[in-house]
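Notes follow the structure.
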Amino acid sequence: MTDQELREILIKVSFDEDRKAFKRLFFFYYPNMLKLASSFVKSNEEAEEIVDDAFIKIWQNRSKLYQVNNLKVYLFVCVKNLCFNYLEKKKRLPIISIDDIEFDPAEPHVYPEQRLFFLDVQSQVEDAVKQLTPQSQLVFRLVKEEGLKYREAAQVLNLSVKTVEYHIGNALKKIAEKLTVAVNKKK
């Protein structure tokens, strides 16, 4: 969805109360919001409820939706806050883990050896990321998997941009170390 399409949809939802436009937003953003919520609450059922609640709140406040400059960040912050509220009610600390990365090669002519190599590297990266602190895992996921800019991830997590840079640098260093060890073992 382009920025122009998104802006038009936000205006339709805000001013015309267009349910079809809202449905497009819902289906476009729901999977990423669900992944984020699941990483916080560790329960798919609870995550679904949280994301549903987030979209209900957005619909209830639709008259102001046109004022949102970055909907993705807005939605991430909304889901994050609802997750924290849920966790506070449950009286447990959030434990953040990265979801397994699935890969389906876009090119049909990928050789089996290449696929095995990719899966091995992917496994090493996953292991390295799982060894990061929960905060570093979440920052890595938002920036590298969800495609947020450092500034946007900082807004979502209420951190400074420098802190986000630190976490990404730390994550990349750990991944590089893990891959170097794996390569040296195979020699």
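FYI, it's all coordinate maths here, none of it is from the lab. Treat the numbers as computed from the prediction; the structure is a model and nothing was measured. Neighbour counts are summed over all protein chains in view; Cβ atoms, including those assigned to glycine, are modelled from backbone coordinates with ideal geometry.
One table, with the values for the structure above:
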{"quantity": "For the range 22-30, 3J(HN,Hα) per residue [Karplus equation, 6.51 cos²θ - 1.76 cosθ + 1.60, θ = phi - 60°, Hz, x = Gly/Pro]", "calculated": "5, 4, 4, 4, 4, 5, 6, 9, 3"}
{"quantity": "Overall form of the range 112-186 per C-alpha gyration tensor (a/c, 1.5; a/b vs b/c)", "calculated": "prolate"}
{"quantity": "Overall form of the range 3-90 per C-alpha gyration tensor (a/c, 1.5; a/b vs b/c)", "calculated": "prolate"}
{"quantity": "Neighbourhood net charge (14 Å Cβ-Cβ; Lys/Arg +1, Asp/Glu -1) for Asp53", "calculated": "-2"}
{"quantity": "Entries in Lys23/Lys72; Lys144/Lys173; Lys12/Lys149 that, when Cα-Cα distance is taken, lie over 18 Å", "calculated": "Lys12/Lys149"}
{"quantity": "Alpha carbon centroid spacing (whole Å) that separates the range 1-74 from the range 142-177", "calculated": "23 Å"}
{"quantity": "Computed P(r) (all Cα pairs; the chain; 10 Å bins; percent)", "calculated": "9, 30, 31, 21, 8, 1, 0"}
